[in-house]
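Each remark here refers to the structure printed beneath this line.
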Amino acid sequence: MLLGLGKKLLHPRNIIVALGIWLLVLNLQTKNSPQSRSTTHYPSKIYGTKPLAMKGGDPYIRALMRTISASEANVPRPYHVIYGGKYVSDLSNHPDLCVRIVTGPNKNNCTTAAGRYQFINTTWYERAKRYHPKPSKFLWLKTKYSFEPKYQDRVVYAWLKDSQVWGADISQLLRQGKIKQVLRKLSGTWTSLGYGIETNSMSRYLPEIYQNMLQEELGKAEKEKQTKSS
């Protein structure tokens, strides 16, 4: 009986079937092994994702803000940077320095882009007028909108929370896991987000960066909640 069974197992057709099964199992094991999983890993040093200066707020929006600045102002001092990489020290107001653009579709034009979210002067004044929590005005002088880090954050935070501006509830979309849809929606304002005219080396990593920032922000929110309740 064993001899007969051995002959059947050694039949060429059975050998081919067995070999095929073995190769299939090996392939599945390889695909599922931690070493072989294909994941995109962004560069380790991303200065633009540093914690926000503002306190509190929706962790989903906070994570989005850090993701935007990862692409727009990926430098050690994002709140102080102007287009081209130079820093300014006075943030009592928007720097309003026009710097010549050296690459891209707007080459040779000039831009006043400044700060963590690269506000140009006109956009800053428009949004600050609507969202700045602490404008200052002395007698007849022009209203000033401090460009200090926490106010840059506050203006962008309120802007992103304004569903009438974007035609959608950004926070809700993020809670539904639709980060790519959100980035596409915002790319008309921040052109480096992956769907605009000025994508950069960070653009393709932004969904992954957002997920990591979200985990950090959710963790912080939970710790703050526990601290308040204790």
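Read-outs throughout are calculated quantities, based only on the coordinates presented, and are distinct from any laboratory measurement. None of these values were measured; they are calculated from a predicted model. Glycine gets a Cβ as well: all are built from the backbone with ideal geometry, and neighbour counts include every protein chain shown.
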Along Cα→Cβ, 7 Å out, is where each label goes; now give me the distance between the ones at L97 and Q176 in nm to one decimal. 4.3
Rounded to whole Å, √(5λ) for the Cα gyration tensor eigenvalues of the stretch 47-229, largest first, gives 25, 22, 15
Please identify the trypsin sites (Lys or Arg not before Pro) of the stretch 138-230 that satisfy two criteria: DSSP loop assignment and at most 14 other Cβ atoms within 10 Å. Which are they? K142
The stretch 93-131 to the stretch 164-230: how many Å between their Cα centroids? 22
